[in-house]
1. Report the full-extension gain for the segment S23 to R348: residue separation times 0.36 nm, less the Cα-Cα distance, to one decimal in nm.
2. Find the lysine pairs in the stretch 40-272 meeting two conditions, Cα atoms under 20 Å apart and a separation of 8 or more places or different chains, and report how many there are.
3. With r defined as the distance between the Cβ atoms of D46 and R178 and R0 fixed at 41 Å, what FRET efficiency is calculated, to the nearest 0.05?
4. Go through the cysteines of the chain and tell me which have no other cysteine Cβ under 4.7 Å away.
5. Report the semi-axes of the equivalent ellipsoid for the stretch 40-272 in whole Å, largest first, where each axis is √(5λ) for an eigenvalue λ of the Cα gyration tensor.
6. Positive end of the dipole of the stretch 40-272, charges at C-beta (+1 Lys, Arg; -1 Asp, Glu), about the Cα centre: which of L134, P118, I62 has its Cα farthest in that direction?
7. May I ask you to sort T167, T224 by Cβ crowding, counting other Cβ atoms within 10 Å and putting the fewest first?
8. What percent do you get for the relative contact order of the stretch 71-163 when only Cα pairs under 8 Å and 6+ apart count?
Amino acid sequence: MNRIPPTVSAENLTQFETLALASSMNLADGHARQQLTAAQGKIVADLPNLWAEAVMRPVEEIEQEAAASFFGMLGQLSHSFAAGRTLSCYSSSLAMEILARSLATASEASDAVALIHPTFDNIPDILRGVGLRLVPVEEGQVHDEDLPTELLERVGCVFITTPNNPTGRVMSQARLRRLAEQCAEHNVVLALDTCFRGFDPAAQFDHYAVLDASGCRWVVIEDTGKLWPTLELKIGWLVRSANVGLPIEKIHSDILLGTSPLIMLMVKRFAEDGADGGLAELQRTIADHRALVRAELADVPGVTFVDDHARVSVERLHVGSRQGMDVWSAVRSQSLYVLPCQKFHWARPHEGERMLRLALSRNPSTLLSGARVLRSALLDAPESQG
């Protein structure tokens, strides 16, 4: 394969994902685009009745029921909706923006954030966009050892994505407890993005019980949008500790009045189905899709699968000596869209230049077609010989 120079000027991963939206082989964004299950189809068919219910009932009551169903499905029984510390947003990105503005407003002690590396680039972009300084913390360090005292003394927040995107790595209960204790000792806010929690049972221990017991100042962002193919109708939750000391509620009110009670009722019904076996079915589906992709690409020279134990709805592969952008350009010419990984490595983009990320929340036929196009392009671009 001749080298095809990239002809795209995308400045972030979301712009790469936007290029894929019109393609029938869109394996770029991590949003849920698989077919509805039979049970989910019945919920969608019942939307007129949900609309009528949303009109008649108090919004706060609907919101509380939706939160109870969603957090309960994920094992988060200690979440703080009843205490008024769980706010709903249109999306997790909006929740992130509210958190970032809150940190920037209250940054007298430090405007630096220790951010996990690598992770999805809209997190560093949003944090930088409000003037916060970022200090990369390597994923392995966060999971394997205490953070250095000198780091905690110069940041106002530690921001962790668990399960991480794109690696799928989950912070264990023991590690979360210790990290929360360290943040409490140094009066540092601990922020968690848990948007991929639903795919991995290892991420479904009660984080809120651990956080509250530590005494640290904390914020958690949750999301419904990665789980169910609801055409971008979703809720992002922004949950905070009683002692967080950030103007989160004020900034939330600066940006929005509230979220749709219709979407809340839909989330409630999807979460009830998830608790009744739908979530386990989704996890099996993603495992099957990961196996399908790996089987199709397993014998391609130089290709390796980076995250052996990942259970989230994305899959990274290392393309050997090939440049990820060259492969991206080649498959794009065949209407297949995947995601090059440089921008996940927001502090050192070169670390991701030989990797691609594929989305697995798709129909099996789409995944198989995409994997075959990718296989052909990789075989046409043999490994360099030295």
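1. 114.0 nm
2. So the count of such lysine pairs works out to 6.
3. Efficiency computed from Cβ-Cβ geometry: 0.35.
4. C89, C157, C195, C341
5. Working through the eigenvalues yields semi-axes of 30, 18, 16 Å.
6. With unit charges placed on the Cβ atoms, the residue in question is I62.
7. Placing the least packed residue first, the sequence is T167, T224.
8. 29 percent.
Read-outs: derived from the displayed coordinates by stated rules, not from any lab. Predicted model only: the values in this text are computed from it and were never measured. Note: ideal-geometry Cβ built from the backbone for every residue, glycine included; neighbour counts use all protein chains shown.
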